[in-house]
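Chemist: Encoded as structure tokens, here's the structure I'll be asking about.
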Amino acid sequence: MIGLLPGYAAWGAAAPLALVALRFGNGVFLGGEYSAGTPLAFEQCPPLARGLLGGLMLGAYTLAYVFLSLVVLGVLGFAPAGELASPYVQWGWRIPFLMGALLGFLLLVFRSRVPESDTWQRAPKVGRPLKALVGPRLRRDLVQVLLVMTGLWLMSGSVVSFMPRVLHTRYDTSATAVTWALLAANVALFGTFVVVGMSSQVAGRRTMLVLGAVAAVVLGLPLYAVVASGVVSPTGAFLLAGAVHVFVVGAWGAASSYCNERFPTAVRSSGFGIGYSVSLLLPSLSPLYVAGLGRLMPFEYTPLVLLVIGAALLAVGALRGPESAAVDLAEFDVGADAAQPTLPTQRGPSSAEVTRL
């Protein structure tokens, strides 16, 4: 519907209002689909592969970013952007939305062939998942996950969202050159997510989250400061921008696994969805934060303050929770295990299971 939406010339003010309403609905359904599909994937996954799966699922976002950017660049090749009457402004922008709609229908067909997990089918059901999450047994776990995810959103969004502006203004580079640089950075980020996810299966989810917070401050912060200072060449700035993405955003590779392992099966989808999405509320106000900080310090360096705060929240949140890599998703019960200080651990796999993995 967005791809076929009439413009302002035809509908007047109703056109942008309809666009906002459709985008809101799009976000609601996307959030619901993601909150259901992610726990389903983890419940179907062999326990020893959950770290890899978490890295791949987060890495899929970066590949989607690369794919979408290539689509937009391709459309701009035959529908240039410019003034109001330019081809891209008039109709070219609709093509990515229509392609997304096609992929969405293909997803529905694929999902119709995916069965529910045995873990969910065998688990006792809860009539009111939200009430269970905010109840005395799970409230502390939910708050801890919200703390971790708020730190991740604030830490990663602060610097990464500013990087295109810094590259474009400080180094007088074209928007196309910046886009290609960010594409390369996201390809590197895909590999980082996979490595972090696999490492979390060995070192632990909490360890990788804390190390991610440390790496963001110790390595990502100074590298971003160098890029923002404008003292390196454009090529050097592009390379450093990729390194900043890796060090600041890399901790996300362990986030999906950790959030899904922190909640019992009966409320896992709700807990993951709330922890993943509600935690974005405060970080989404970052433009207001940096606007205020810009009165006290150079504007290009204001994201560093948010990076440090986000890293601190991530580290504190991760240290306040238990390790979850060995949790048995099938035996984690909302009525009993959630009240215990330690999570039920996965029994050791047989030699045949190890060979299969």
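The values are calculated or read from the model by the stated rules, or taken from the named source; none is laboratory data. On a predicted model such as this, the values are computed, not experimentally measured, just so you know. Note: ideal-geometry Cβ built from the backbone for every residue, glycine included; neighbour counts use all protein chains shown. These accessible areas exclude ligands, DNA and RNA; they are computed on the full protein's heavy atoms, side chains included. Shrake-Rupley method; radii C 1.70, N 1.55, O 1.52, S 1.80 Å.
Conditions (1) over 26 Å from Leu58 (Cβ atoms); (2) in contact (Cβ under 8 Å) with a residue 40 or more places away in the chain; (3) open to solvent by 60 Å² or more (accessible area, probe 1.4 Å), marked per residue:
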{"site": "Phe110", "(1), (2), (3)": "no, no, yes"}
{"site": "Trp120", "(1), (2), (3)": "no, yes, yes"}
{"site": "Lys125", "(1), (2), (3)": "yes, yes, yes"}
{"site": "Leu142", "(1), (2), (3)": "no, yes, no"}
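Chemist: Is it true that some residue in the stretch 81-100 is part of a helix (DSSP H, G or I), free of Cβ contacts under 8 Å to residues at least 40 places away in the same chain, open to solvent by 90 Å² or more (accessible area, probe 1.4 Å) and among the β-branched types (Val, Ile, Thr)?
Modeler: No: the stretch 81-100 contains no residue that is part of a helix (DSSP H, G or I), free of Cβ contacts under 8 Å to residues at least 40 places away in the same chain, open to solvent by 90 Å² or more (accessible area, probe 1.4 Å) and among the β-branched types (Val, Ile, Thr).
Chemist: When residues of the stretch 178-207 are filtered for being touching a residue at least 60 places away in the same chain (Cβ under 8 Å) and over 30 Å from Ala325 (Cα atoms), how many remain?
Modeler: Number of matching residues: 4.
Chemist: Condition first: over 16 Å from the mean Cα position of the chain (by Cα) and either not in a helix (DSSP H, G or I) or not aliphatic (A, V, I, L, M) (or both). Now tell me which residues in the stretch 18-39 satisfy that.
Modeler: Within the stretch 18-39, Arg23, Phe24, Gly25, Asn26, Phe29 qualify.
Chemist: Let me confirm something: among Gly191, Gly157, Gly197, which residue is part of a helix (DSSP H, G or I) and open to solvent by less than 20 Å² (accessible area, probe 1.4 Å)?
Modeler: Gly197
Chemist: I've got another one for you. Looking at the structure I just gave you, is Gly204 open to solvent by 10 Å² or more (accessible area, probe 1.4 Å) and under 26 Å from Ala255 (Cβ atoms)? Spell out how you get there, then give the answer.
Modeler: Working: open to solvent by 10 Å² or more (accessible area, probe 1.4 Å): no; under 26 Å from Ala255 (Cβ atoms): yes.
Against the criterion (open to solvent by 10 Å² or more (accessible area, probe 1.4 Å) and under 26 Å from Ala255 (Cβ atoms)), Gly204 does not qualify.
Chemist: Here is a follow-up. Report, by residue number, each residue of the stretch 168-188 that is closer than 19 Å to Leu68 by Cβ and either modelled with pLDDT of 90 or more or open to solvent by less than 30 Å² (accessible area, probe 1.4 Å) (or both).
Modeler: Across the stretch 168-188, the qualifying residues are Val178, Ala181, Leu182, Leu183, Ala184, Ala185, Asn186, Val187, Ala188.
Chemist: Can you go through Leu296, Leu285, Leu219, Leu223 and tell me which one is at pLDDT 95 or above, among the aliphatic types (A, V, I, L, M), open to solvent by 50 Å² or more (accessible area, probe 1.4 Å) and more than 16 Å from the chain's Cα centre (by Cα)? Break it down into steps so the answer makes sense when it comes.
Modeler: Numbers: Leu296 fails: at pLDDT 95 or above; Leu285 fails: at pLDDT 95 or above; Leu223 fails: open to solvent by 50 Å² or more (accessible area, probe 1.4 Å).
Of Leu296, Leu285, Leu219, Leu223, the one residue that is at pLDDT 95 or above, among the aliphatic types (A, V, I, L, M), open to solvent by 50 Å² or more (accessible area, probe 1.4 Å) and more than 16 Å from the chain's Cα centre (by Cα) is Leu219.
Chemist: Can you pull out every residue in the stretch 105-155 that is over 26 Å from Arg205 (Cβ atoms) and of a type in the set (A, V, I, L, M, F, W, C)?
Modeler: Phe105, Leu106, Leu107, Leu108, Val109, Phe110
Chemist: Which numbered condition in (1) crowded, with 20+ Cβ neighbours inside 10 Å; (2) not in a helix (DSSP H, G or I) is the only one that Pro136 fails?
Modeler: Failing condition for Pro136: (1).
Chemist: Continuing with the same structure: Filter the stretch 26-73 down to the residues that are open to solvent by less than 70 Å² (accessible area, probe 1.4 Å) and hydroxyl-bearing (Ser, Thr, Tyr), then identify the one that is farthest from Ser200 (Cα to Cα).
Modeler: Ser69
Chemist: Which condition from (1) farther than 26 Å from Leu40 by Cα; (2) part of a helix (DSSP H, G or I) is the one that Asp172 breaks?
Modeler: Unmet for Asp172, out of (1) farther than 26 Å from Leu40 by Cα; (2) part of a helix (DSSP H, G or I): (2).
Residues checked against (1) at pLDDT below 90; (2) of a type in the set (Phe, Trp, Tyr); (3) in contact with an Asp or Glu (Cβ under 9 Å, 6 or more places away or on another chain):
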position: Ala18; (1), (2), (3): no, no, no
position: Val28; (1), (2), (3): yes, no, no
position: Gly31; (1), (2), (3): yes, no, no
position: Phe42; (1), (2), (3): no, yes, yes
position: Pro47; (1), (2), (3): no, no, yes
position: Arg50; (1), (2), (3): no, no, yes
position: Gly54; (1), (2), (3): no, no, no
position: Leu68; (1), (2), (3): yes, no, no
position: Val72; (1), (2), (3): yes, no, no
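Chemist: Right, something else. Taking Leu70, is it touching a Gly at 6+ places or on another chain (Cβ under 9 Å) and closer than 21 Å to Asn186 by Cβ?
Modeler: Answer is no for this residue.
Chemist: Which condition breaks for Ser233 when tested against (1) modelled with pLDDT of 95 or more; (2) surrounded by fewer than 24 Cβ atoms within 10 Å (Cβ to Cβ); (3) among the small types (Gly, Ala, Ser)?
Modeler: The failed condition is (1).
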